[in-house]
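The structure appears right after this line, and notes come after that.
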Amino acid sequence: DWLGRRGHLEVELHPRVEDGGITIDSGKQRLRLGRWWLPLPGWLAGRARIREWQEPDGSFGIRVTVSNPLLGDFFGYEG
């Protein structure tokens, strides 16, 4: 996935099916500076986990958590 207005941040996404839903974890990240792509070190990168599932009434649920080794969990939502 490419993030930002011009796609300057590239993030690997690793989806898997588990417990009747889909879980997506972010992986390696690279920052584009001009024509160069620089890998972000783990301590600087944000790690995302997205969980999506279907409720018994047919609606869908989602839980998102974004964390960093230095900051801990710094963004998330559920609905």
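The values are calculated or read from the model by the stated rules, or taken from the named source; none is laboratory data. Predicted, not measured: the structure shown is a model, and the values here were computed from it. Here Cβ is always computed from backbone atoms with ideal geometry, including for glycine, and neighbour counts include all displayed protein chains. Only protein heavy atoms, including side chains, enter the accessible area calculation; ligands, DNA and RNA are left aside. Shrake-Rupley method; radii C 1.70, N 1.55, O 1.52, S 1.80 Å.
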Tell me, please, whether a residue that is of a type in the set (D, E, K, R), modelled with pLDDT of 95 or more and within 16 Å of residue 1 (Cβ to Cβ) can be found in the stretch 58-74. no
Please work out which residue is farthest from residue 68 (Cα to Cα), limiting yourself to the stretch 9-19 and to residues that are more than 10 Å from the chain's Cα centre (by Cα) and open to solvent by less than 70 Å² (accessible area, probe 1.4 Å). 18
In the stretch 20-79, residue surrounded by the fewest Cβ atoms within 10 Å (Cβ to Cβ) [restricted to those that are of a type in the set (S, T, N, Q) and more than 21 Å from residue 10 (Cα to Cα)]: 59
